[in-house]
Amino acid sequence: MTPQHCFLGFLLSVFLTGGVEAQPTRVSLKPQRVHFQSRNFHNILHWQPGRACASNSSVYFVQYKMYGQTKWRKKEDCWGIQEFFCDLTNETSEVQEAYYGRVRTTSAGIHSVWTMTQRFIPWWETKLDPPVMNVIQVNGSLLVILHAPNMPYRNQKGKNVSIENYYELVYRVFIINNSLEKEQKVYEGTHRVVEIEALTPHTGYCVVAEIYQALLDRSSQKSEERCVEMP
């Protein structure tokens, strides 16, 4: 929260209470906008300072639990920190389960009340990156090789677990004729190796791809362009 916003919040509190509090209250210290952000199942808890605009000496404490559990667990690495985020990826690794996180702050010896997230289900809420894409020129065709993003977890053999283990992914491949500046979809399906044929010689092409999750009706952003010049 910027100093300008802090000052406006201060004026508002004076207007509402009719005076200036000697110390911030437990409620005014309460962290705001506590929520999860998730990308490829990297699940990060974020928050903002409370209305009291806590000082530089303020520290934050994070707890989490799975839906149905009664006891909160503290995140050791996020216990008494000054950052406004906490990585709960390992603590939320059962991606089809629901979780909650909560945060409180301590400032000048005063403990705020806890602020809790809404229910968070990684499988439902995580956003996928575009596919990793390689383009190989083979005679007069282009061979597009696609890979789904990796999850932050490893299997028993130490290899990264693929997103494909949890979703039925559809790959969409688009080609751009540089001379026409026109994008055309050339493939949509589940194959991770796609051949693009019937290309014009001595012409430059760029290829992009995206992932579509049909069950969630959700698309990733498009990948960076991979460009080649046909012989």
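Summary table
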item: Options Arg102, Arg119: the member that is in contact (Cβ under 8 Å) with a residue 12 or more places away in the chain, of a type in the set (D, E, K, R), closer than 30 Å to Thr25 by Cα and surrounded by fewer than 14 Cβ atoms within 10 Å (Cβ to Cβ); result: Arg119
item: Matching residues, region 179-208, being open to solvent by 30 Å² or more (accessible area, probe 1.4 Å), in contact with a Ser or Thr (Cβ under 9 Å, 6 or more places away or on another chain) and either β-branched (Val, Ile, Thr) or under 17 Å from Ser223 (Cα atoms) (or both); result: Thr200
item: Count of region 128-172 residues which are outside any loop (DSSP other than H, G, I, E, B), without any contact (Cβ under 8 Å) to a residue 40 or more places away in the chain and open to solvent by 80 Å² or more (accessible area, probe 1.4 Å); result: 2
item: Subset of region 110-127 [part of a strand (DSSP E or B) and either among the β-branched types (Val, Ile, Thr) or modelled with pLDDT under 95 (or both)]; result: Ile110, His111, Thr115
item: Unmet requirement for Met66, which otherwise passes all of (1) at pLDDT 95 or above; (2) surrounded by 16 or more Cβ atoms within 10 Å (Cβ to Cβ); result: (2)
item: Matching entry among Glu210, Glu125, Glu183 (being acidic (Asp, Glu) and without any contact (Cβ under 8 Å) to a residue 60 or more places away in the chain); result: Glu183
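The values are calculated or read from the model by the stated rules, or taken from the named source; none is laboratory data. A quick note: this is a predicted structure, and the numbers were derived from the prediction, not measured. Here the Cβ is made from the backbone with ideal geometry for all residues, glycine too, and neighbour counts use every protein chain on show. Surface areas here come from the heavy atoms of the whole protein model, side chains and all, with no ligands, DNA or RNA. Shrake-Rupley method; radii C 1.70, N 1.55, O 1.52, S 1.80 Å.
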